[in-house]
Amino acid sequence: MDIKFYEKCLEIQWITTTELGINTKFVNEHLFLIAKTHLENMENERCPVDKLKCVQKAFTILNNCIIFCSGKKDGGGVDDIMPMLIYIIIKAKQKKMYSNFQFIKAMIHPRKLLANYGFVLSQVEVSMEYIMNLNHETLKITEEEFLRKSSVIKTEGEDANRRKGLSKLSNVN
C-alpha cells in the first residue's frame with residue numbers, strides 16, 4: 001500500500017491549493033512548508049508516539065495558519081483544515097506514509113487516541129483515503145485534463161529516474 005500511496009502522491013503533485021478548494025485567505029506557503037516538514041520528519045522517528053507528535057505538529061501549524069490568516073480565535077473547522085491537510089500530505093510525498101499511519105494506530109495505547117490525537121489521526125486517515133480516490137470528478141475537471149497533468153508528472157519522474165540510472169552507470173566506468 002505504501003508504494004501505491006507514494007505513486008499516487010507523485011502522480012498528483014501538480015495539484016494546487018485552488019484545485020483542493022482551500023480558501024485563498026488561508027493559503028500561506030511558508031506555513032504549509034513548515035507543516036510539510038513536520039510531516040516528513042515522521043520518517044525519521046522510530047517511536048509511534050514521536051511519529052504521532054510529528055503529525056500533530058503539522059496539524060497544529062495548519063490550524064494556526066487559519067487563526068493567523070483569518071483572525072478566528074479558535075481556528076478553523078474540519079471543512080477548512082481538511083483540504084490543507086490533504087495538500088501537505090500530497091506535497092510531502094512520503095514513501096512510508098501508509099505504514100507509518102498503521103504503525104501509529106497499532107502501537108499507540110487507545111487512551112492516547114482520545115481527544116486531540118485521535119481526532120488528528122482520524123483526519124489523516126480520511127485525507128489518505130481521499131487522496132487514494134482522487135480523480136477528475138473529485139477535482140471537477142475533465143478526465144482528459146486530469147490524465148494529461150498526471151501523465152506529465154509521471155513522465156518527468158520516469159525521465160529523472162532514467163537520468164539517475166545513467167549517471168550511476170557512467171560513474172562505474
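Of the residues examined, Asn64 is one that is at pLDDT below 90, polar (S, T, N, Q), part of a helix (DSSP H, G or I) and farther than 21 Å from Glu129 by Cβ. Checked against the criterion of being in contact with a helix residue (DSSP H, G or I) (Cβ under 8 Å, 6 or more places away or on another chain), at pLDDT 90 or above, farther than 21 Å from Gly21 by Cβ and part of a helix (DSSP H, G or I), the candidates Phe59, Phe146, Phe103 yield just one match: Phe103. Being farther than 20 Å from Met132 by Cα, within 14 Å of the chain's Cα centre (by Cα), crowded, with 18+ Cβ neighbours inside 10 Å and of a type in the set (Phe, Trp, Tyr) is a property that holds for Phe32. Going by the structure shown, is Asn116 surrounded by fewer than 13 Cβ atoms within 10 Å (Cβ to Cβ) and modelled with pLDDT of 90 or more? Criteria not met by Asn116. Taken over region 14-31, the criterion of being in contact with a helix residue (DSSP H, G or I) (Cβ under 7 Å, 6 or more places away or on another chain) and within 21 Å of Cys65 (Cβ to Cβ) is satisfied by Ile15, Thr17, Glu19, Leu20, Gly21, Ile22, Asn23, Lys25, Phe26, Asn28, Leu31. All conditions but one from (1) over 18 Å from the mean Cα position of the chain (by Cα); (2) closer than 20 Å to Thr24 by Cα; (3) not acidic (Asp, Glu) apply to Pro83; the one that does not is (1). In region 4-26, of all residues being more than 13 Å from the chain's Cα centre (by Cα) and free of Cβ contacts under 8 Å to residues at least 12 places away in the same chain, the one that is nearest to Phe146 (Cα to Cα) corresponds to Thr18.
The values are calculated or read from the model by the stated rules, or taken from the named source; none is laboratory data. Nothing here was measured: the structure is a model prediction, and the numbers come from that model. Positions of Cβ are generated from backbone atoms using ideal geometry, with glycine treated the same way; all protein chains shown enter the neighbour counts.
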